[in-house]
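Below is one structure; the comments refer to it alone.
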Amino acid sequence: MAGYDGVFDTLGLRDWCDQDKTDAPMSMAQLLAQSGGATEKAPLPFPSLDALHDSCARIAQTRDVTQGLEDGFLSIRPELKLVLDPITQPLSWLLDGALFLFETTPWWLMIPLLVIIAYVVSRSRPVTGFVALVLLFFGLIDHYEVAMQTLAIVFVCTGLSVLLGVPIGIAMSKSDTAQRMIVPILDLLQTLPTFVYLIPLIFLFSVTESKIYGIAVIVYAIVPVIRLTDLGIRLVDQDVVEAANAFGMTPGQKLTRVELPLALPNIMAGVNQTIMMSLAMVVIASMISAPGLGVLVLRGIRSLDLGVGIVAGLGIVLLAVILDRVSKAALARIDTHRNEQ
Amino acid sequence: MTPKVAIRALYKIFGPRDRAMVPLVQGGMTKSELLDQQGHVLGLQNINVDMQAAEITVIMGLSGSGKSTLIRHLNRLIEPSAGEILIDGEDVMKLGQAELRAIRQKKMSMVFQKFALLPHKTVQQNAEMPLSVQGVDAAQQISEARKWLARVGLDGFEDRFPAQLSGGMQQRVGIARALAANTDIMLMDEAFSALDPLIRTDMQGLLLELQAELQKTVVFITHDLDEALKIADHLVILKDGAIIQQGDPQTILLAPADPYIEAFVGDINRARVLRVRSVMTALSQDRFDGEISADSTLEALIQQAEGDTTQTYRVSDGRAVVGQIAMKDLVKALVPRPAITEDQTR
């Protein structure tokens, strides 16, 4: 018998333990132990759930805990779906719409359009030229379509992250309580391994729906824009905020005329990070049906197709570089006239 | 005459239970006792000041004396622990948020030590800011801002950004912004302290010039006694959160109430600050060596007398003869007198 029998006997819990004991062997280890005592137990094992279970059948085994967690999740799944499905449905529409738009617009319209956007945002000729080169290169190596799919997802997810993240960041900067509550969640989202997000999502949504990867990307990429909006507003020069108060600004005027403009460099730095992170996650999310360059990387891994994987991987790097350069150029443009002196 | 701004029995204590501490301080507890026994910091105690319309009231004290705290009570950027602040007879403490904003927009404007301009807006837009907050129409915003920028000498700089200007010019923008708000009261929190000495002198001149023309009620904070004496109509001296003397600067200079002020005024060039009016005596003779205006400084008189200490001058104020001044009295007035024992101010 196991090493902790004595403990339960002295505590007088033997009856309680054996109350509904079944003699059916529970695990391979027990089977082996019953059949010939081949495995000699250590004299004093760590009192883990499994070790205690050997002595007292009423104590749950570790696998019951993980099983319980799964059962619990599955039992609230219908309710969760009932709430989350309608809320997240627009995300599917947006993603499908963006993918449709990026895929059906002919290349001779799409590429100039993207180059113009790059110029309007960055106001930098070298950056714009580089963007044009990269897009043409994608076309040349027949990766144009997948690159557009990735770009479409990044645009939608970054846009939504900013749309949701900035107000959350503002709320955090205005209320210390909100900050105390939200920061641990952000910490969790940032440290949780990216694959872990995917598991509950697979249970909740079908992989045929676009929102499943949309949610994975947004949840992962929204963190920096929230953090830097909060930080940016808290770092706004208090003298200027005081001046705004002294001239009788309302809280709304203060936010739109003073705090957000002065926090803009920080917010833009957050947006830049968010773009980078959503690009990173789009690749991982290809495991749950996200289209784009990530699919090719995945194919490279699955079928040991070295060339396909590496070309797609480098394509992702190029995409990352143009997105980063364009958003950094926009950030620098905002910063210029403030720091002249 | 009812004062434009009146502060009555104002207390400010920093800490979580500040209101409960007020009776203790009223009962005579000192700043250090309050900190040791209750863990609260005494900011201001029993402040009573009347500020007359069209006068410059200077609040002077060293750092930590509570002067910046005091000026922020006037527009309630800081909430007092006890006391009243009356502006045109209306208690600012009783106002709700919306009324408070209205009074900040229409009655009081403020100039800051670190300028506090909006860095992402041009000089012109900065000067328009108070008017756009008030909701004045765009054309008027532009013309008013342009007018005041020109008045403080910033013609042609409208489209620059604050970071492109020197400190003195940035503070001119700050003053133009405050003037554009078109308020009766102007609060100036160490407005010139961050500037170089020469530029500071320029700015003091600009302020006095504007004041002669506009007749605003100015509340000016400074730690510089020379500056205080140069521009003050009414001088309030603050130490450790309490007023130790207030009144006409000439009176304070001639009769300091306290060794602290005595030490303060010891370094001042009295001949440049004191005026004939403050030193003259009643008319008692009819032969004079010359005539001098009551508002001249003693320095001007010494120059006029070419240093001759035996002369006596007749003092006139406009057409009227108001007294006489012997050069001997003048010389005596140049030596600081020990503090008077009885407290004249409280």
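Which one is nearest to the other protein chains (Cβ to nearest Cβ) among residues in segment A:267-285 that are crowded, with 21+ Cβ neighbours inside 10 Å and not β-branched (Val, Ile, Thr)?
Filtering segment A:267-285 for residues that are crowded, with 21+ Cβ neighbours inside 10 Å and not β-branched (Val, Ile, Thr), the one nearest to the other protein chains (Cβ to nearest Cβ) comes out as A:Met268.
Between a first residue in segment B:89-118 that is more than 8 Å from chain A (Cβ to nearest Cβ) and surrounded by fewer than 22 Cβ atoms within 10 Å (Cβ to Cβ) and a second residue that is among the small types (Gly, Ala, Ser) and not in a loop (DSSP other than H, G, I, E, B), which pairs have beta carbons less than 8 Å apart while being 6 or more apart in sequence or on different chains?
As it stands, the answer is B:Met93/B:Gly83, since those pairs meet every condition given.
Report every pair of residues separated by at least 6 positions or lying on different chains whose Cβ atoms are under 8 Å apart, first residue within segment B:74-85 and more than 14 Å from chain A (Cβ to nearest Cβ), second among the basic types (Lys, Arg).
B:Pro80/B:Lys12; B:Ser81/B:Lys12; B:Ser81/B:Arg19; B:Ala82/B:Arg19; B:Gly83/B:Arg8; B:Glu84/B:Arg8; B:Ile85/B:Arg8; B:Ile85/B:Arg76
Go through (1) closer than 21 Å to A:Asn272 by Cβ; (2) surrounded by 21 or more Cβ atoms within 10 Å (Cβ to Cβ) one by one and return the number of the condition A:Ile168 breaks.
Status for A:Ile168: all satisfied but (2).
Restricting attention to segment A:188-198, which residues are over 17 Å from A:Val283 (Cβ atoms) and exposed (fewer than 12 other Cβ atoms within 10 Å of the Cβ)?
A:Leu188, A:Thr191
Name the residue, out of B:Phe192, B:Phe157, that is under 22 Å from B:Met108 (Cα atoms), free of Cβ contacts under 8 Å to residues at least 60 places away in the same chain and not in a helix (DSSP H, G or I). Show your work before the answer.
Working: B:Phe157 fails: under 22 Å from B:Met108 (Cα atoms).
From the options B:Phe192, B:Phe157, the qualifying one is B:Phe192.
How many residues does segment B:57-73 hold that are surrounded by 23 or more Cβ atoms within 10 Å (Cβ to Cβ) and touching a helix residue (DSSP H, G or I) at 6+ places or on another chain (Cβ under 9 Å)?
Here the count works out to 4.
Among the residues that make up segment A:238-252, is at least one of them at pLDDT below 95, over 30 Å from B:Gln97 (Cβ atoms) and surrounded by 16 or more Cβ atoms within 10 Å (Cβ to Cβ)?
Taking every residue of segment A:238-252 in turn, none turns out to be at pLDDT below 95, over 30 Å from B:Gln97 (Cβ atoms) and surrounded by 16 or more Cβ atoms within 10 Å (Cβ to Cβ).
Go through the residues of segment B:195-217 one by one and say whether even a single one is crowded, with 21+ Cβ neighbours inside 10 Å, of a type in the set (S, T, N, Q) and either within 12 Å of chain A (Cβ to nearest Cβ) or not in a strand (DSSP E or B) (or both).
No: segment B:195-217 contains no residue that is crowded, with 21+ Cβ neighbours inside 10 Å, of a type in the set (S, T, N, Q) and either within 12 Å of chain A (Cβ to nearest Cβ) or not in a strand (DSSP E or B) (or both).
Counting only residues that are over 28 Å from A:Phe195 (Cβ atoms) and among the polar types (S, T, N, Q), which one in segment A:216-270 is farthest from the chain's Cα centre (by Cα)? So that I can check it myself, show each step before the final result.
So in segment A:216-270, the residues over 28 Å from A:Phe195 (Cβ atoms) come out as A:231-268.
Of the ones still in play, those that are also among the polar types (S, T, N, Q) are A:238, A:245, A:250, A:253, A:256, A:266.
Values: A:Gln238: 34, A:Asn245: 38, A:Thr250: 36, A:Gln253: 33, A:Thr256: 29, A:Asn266: 21 Å.
Looking at the filtered set, the residue picked out is A:Asn245.
Quick one: which residue in A:Leu109, A:Leu113, A:Leu163, A:Leu135 is crowded, with 21+ Cβ neighbours inside 10 Å and assigned by TED's automatic domain parsing to the domain that holds A:Gly232? Quick ask: steps written out before the conclusion?
Working: A:Leu109 fails: crowded, with 21+ Cβ neighbours inside 10 Å; A:Leu113 fails: crowded, with 21+ Cβ neighbours inside 10 Å; A:Leu163 fails: crowded, with 21+ Cβ neighbours inside 10 Å.
Checking each option against the conditions leaves just A:Leu135.
Sort through A:Leu260, A:Leu228, A:Leu255 and tell me the only one that's within 13 Å of another protein chain (Cβ to nearest Cβ) and touching a residue at least 24 places away in the same chain (Cβ under 8 Å).
Exactly one of A:Leu260, A:Leu228, A:Leu255 is within 13 Å of another protein chain (Cβ to nearest Cβ) and touching a residue at least 24 places away in the same chain (Cβ under 8 Å), namely A:Leu260.
Looking at segment A:231-248 only, could you name the residues that are at the interface with another protein chain (Cβ under 9 Å from one of its Cβ atoms) and of a type in the set (D, E, K, R)?
Correct list: A:Asp237, A:Asp239, A:Glu242.
In segment B:116-141, which residues are under 27 Å from the mean Cα position of the chain (by Cα) and in a loop (DSSP other than H, G, I, E, B)?
Hits for segment B:116-141 are B:Ala116, B:Leu117, B:Leu118.
Please specify each residue of segment B:160-179 satisfying the condition of being buried (at least 18 other Cβ atoms within 10 Å of the Cβ), at the interface with chain A (Cβ under 10 Å from one of its Cβ atoms) and not in a loop (DSSP other than H, G, I, E, B).
Result: B:Pro162, B:Gly174, B:Arg177, B:Ala178.
Exactly one condition in (1) surrounded by fewer than 17 Cβ atoms within 10 Å (Cβ to Cβ); (2) within 23 Å of B:Lys239 (Cα to Cα); (3) not basic (Lys, Arg) is not met by B:Ile85; state its number.
B:Ile85 satisfies every listed condition except (1).
The values are calculated or read from the model by the stated rules, or taken from the named source; none is laboratory data. Quick caveat, the model's predicted, so the values are computed rather than measured. So basically every Cβ, Gly included, is an ideal-geometry build from the backbone, and we count neighbours across all protein chains shown.
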